[in-house]
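Undergrad: One structure, pasted below without further comment.
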Amino acid sequence: AQSVTQPDIHITVSEGASLELRCNYSYGATPYLFWYVQSPGQGLQLLLKYFSGDTLVQGIKGFEAEFKRSQSSFNLRKPSVHWSDAAEYFCAVGDGNFGNEKLTFGTGTRLTIIP
Amino acid sequence: DTAVSQTPKYLVTQMGNDKSIKCEQNLGHDTMYWYKQDSKKFLKIMFSYNNKELIINETVPNRFSPKSPDKAHLNLHINSLELGDSAVYFCASSAWDTSWELFFGEGSRLTVL
């Protein structure tokens, strides 16, 4: 069965600094990979996705992620964080056939931004 | 105008009671979902419906019964509530041709005392 590991439960970054959130997946075939963000008291919002092709994908809010098959990783990056980026970030892998799609989420990484 | 809306946002109730959470989406999507987020923020799918038809049922106790009166609505009814049912329940929807892109509601926090 597919699984997603986010090794960092909580990360603190200074405003303006760069950010990298780690994600490792376990999946038998070529995975569909996603990053979602959950702001406090809100639902999840899709940041970016990888299906195939270019392994560096761009998302909303200045985020990008790189798929590395050899490392089974899909790490999320941002060159310079803003205070509004403070949130919970979830990596997910997609599974299932057409009409039966299912997302399996990691346990999330909470991002705190300090001035 | 909220795309995926859930009611109520907060629900506090006693063990053994029955409660419902309603969800509506105005995005014209064909597929709707219920996810459960536990106290450790772990998100797990419970059900998915495509155009009112149950597609995914992830080994959820029979006390949980989803109902989809039309493709814009997916309600969740829970019988005989238990302490372990305390969680945040998220409704989500997706279009048939971008089914991995879920649009989530703001969640309904259920507390069972």
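Undergrad: Of (1) outside any loop (DSSP other than H, G, I, E, B); (2) open to solvent by 10 Å² or more (accessible area, probe 1.4 Å); (3) under 27 Å from B:T31 (Cα atoms); (4) within 14 Å of chain B (Cβ to nearest Cβ), A:G41 satisfies all except one. Which?
TA: Exception for A:G41: condition (1).
Undergrad: Quick check on this structure: which one of B:E106, B:E101 is assigned to a loop (DSSP other than H, G, I, E, B), touching a residue at least 24 places away in the same chain (Cβ under 8 Å) and within 13 Å of another protein chain (Cβ to nearest Cβ)?
TA: That would be B:E106, the only listed residue that is assigned to a loop (DSSP other than H, G, I, E, B), touching a residue at least 24 places away in the same chain (Cβ under 8 Å) and within 13 Å of another protein chain (Cβ to nearest Cβ).
Undergrad: Right, next: Which one is farthest from A:A29 (Cα to Cα) among residues in the stretch A:64-102 that are part of a strand (DSSP E or B) and open to solvent by 60 Å² or more (accessible area, probe 1.4 Å)?
TA: Among those residues, the one meeting the criterion is A:R77.
Undergrad: Please work out if A:K61 is charged (D, E, K, R), open to solvent by 40 Å² or more (accessible area, probe 1.4 Å), assigned to a helix (DSSP H, G or I) and in contact (Cβ under 8 Å) with a residue 12 or more places away in the chain.
TA: In short, yes.
Undergrad: Scan the stretch A:1-25 for residues that are farther than 15 Å from A:K102 by Cβ, in a strand (DSSP E or B) and open to solvent by 40 Å² or more (accessible area, probe 1.4 Å) and jot them down.
TA: A:T5, A:H10, A:T12, A:S14, A:E20, A:N24
Undergrad: Take B:L74 and decide whether it is assigned to a loop (DSSP other than H, G, I, E, B) and either open to solvent by less than 60 Å² (accessible area, probe 1.4 Å) or hydrophobic (A, V, I, L, M, F, W, C) (or both).
TA: In short, no.
Undergrad: Would you say B:G107 is within 28 Å of A:I9 (Cβ to Cβ) and of a type in the set (G, A, S)?
TA: yes
To keep it simple, each residue is scored yes or no on (1) assigned to a strand (DSSP E or B); (2) modelled with pLDDT of 95 or more.
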position	(1), (2)
B:T2	no, no
B:V12	yes, yes
B:C23	yes, yes
B:M32	yes, no
B:S39	no, no
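The values are calculated or read from the model by the stated rules, or taken from the named source; none is laboratory data. Note that the coordinates shown come from a computational prediction; the quantities given were computed from them, not determined experimentally. Cβ sites come from the backbone with ideal geometry, for glycine too, and all protein chains shown count toward neighbours. The protein model used for the area step is the full one, side chains on, heavy atoms only, and it has no ligands, DNA or RNA in it. Shrake-Rupley method; radii C 1.70, N 1.55, O 1.52, S 1.80 Å.
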